[in-house]
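Visitor: Sending over a structure as structure tokens; questions will come in a sec.
The values are calculated or read from the model by the stated rules, or taken from the named source; none is laboratory data. These numbers come from a predicted model, not from an experiment. We place every Cβ from the backbone using ideal geometry, glycine too, and count neighbours over all the protein chains shown.
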Amino acid sequence: MTDISRTDSLHQPPISSSNYKLSTGHDQAVAMDSMYHFTRHIYDLTRRYYLLGRDQLLDNVVTGPNTATLEVGCGTARNLIKLGKRSSTGALYGLDASHEMLETATRSITAAALPHNNNPPIMLRQGLAEELDGVKMFGREEPFDTIFFSYCLSMVPTWPGA
């Protein structure tokens, strides 16, 4: 089961027992949720030509035993699922500002039924790229082996900080 956590000003309960509260950028997360509320259902189909070259990027990501890969702006988890199908032993992580996209990602990961030695096969968290903290968000003391941004950097208002 993929784990997504959130706490927001609407006091909606978290999806799982672990919480990661956005320390800043609440408005940015709300804006992303609004943007993707409906389009997330057709996102991968409609973005194909905007994202030319991302499969080549994924071909160059090294996954396998003892590797940890993070996608910032993971959206529907399309890229992480492709990596998970390629290797069942590496740890995969996804970060996205939009809770709406992460709900879609969770369903997509479950539907993909990834053969994976890690539980969950892909760990998802809601948060901002500028606030990336492997320990707070993912409980990870070690650095990630690979961190990639496939499309989201243009959506980050303070992208140099990401």
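Visitor: In segment 124-143, how many are crowded, with 21+ Cβ neighbours inside 10 Å and either modelled with pLDDT under 85 or aliphatic (A, V, I, L, M) (or both)?
Guide: Summing the residues that are crowded, with 21+ Cβ neighbours inside 10 Å and either modelled with pLDDT under 85 or aliphatic (A, V, I, L, M) (or both) in segment 124-143 gives 3.
Visitor: Quick test of your reading of the structure: His37 fulfils all but one of (1) at pLDDT 70 or above; (2) touching an Asp or Glu at 6+ places or on another chain (Cβ under 8 Å). Name the failing condition by number.
Guide: The failed condition is (1).
Visitor: Name the residue that is nearest to Leu132 (Cα to Cα), counting only residues in segment 84-107 that are surrounded by 24 or more Cβ atoms within 10 Å (Cβ to Cβ) and touching a Leu at 6+ places or on another chain (Cβ under 8 Å).
Guide: Leu95
Visitor: Of the numbered conditions (1) in contact with a Pro (Cβ under 8 Å, 6 or more places away or on another chain); (2) of a type outside the set (S, T, N, Q); (3) under 14 Å from Phe138 (Cβ atoms), Leu95 fails exactly one; give the number of that condition.
Guide: Of (1) in contact with a Pro (Cβ under 8 Å, 6 or more places away or on another chain); (2) of a type outside the set (S, T, N, Q); (3) under 14 Å from Phe138 (Cβ atoms), only one is false for Leu95: (1).
Visitor: Shifting gears a bit: For segment 146-155, what are the residues that are out of contact with any Gly (no Cβ under 8 Å at 6 or more places or on another chain) and either at pLDDT 95 or above or surrounded by 14 or more Cβ atoms within 10 Å (Cβ to Cβ) (or both)?
Guide: Within segment 146-155, Thr146, Ile147, Phe148 meet the criteria.
Visitor: Could you pull out the residue among Pro115, Pro65, Pro121 that is surrounded by 17 or more Cβ atoms within 10 Å (Cβ to Cβ), more than 9 Å from the chain's Cα centre (by Cα) and not β-branched (Val, Ile, Thr)?
Guide: Residue meeting the stated conditions: Pro121.
Visitor: Every residue in segment 55-80 that is in a helix (DSSP H, G or I), over 21 Å from Leu128 (Cα atoms) and either modelled with pLDDT of 90 or more or not aliphatic (A, V, I, L, M) (or both), please.
Guide: Asp55, Gln56, Asp59
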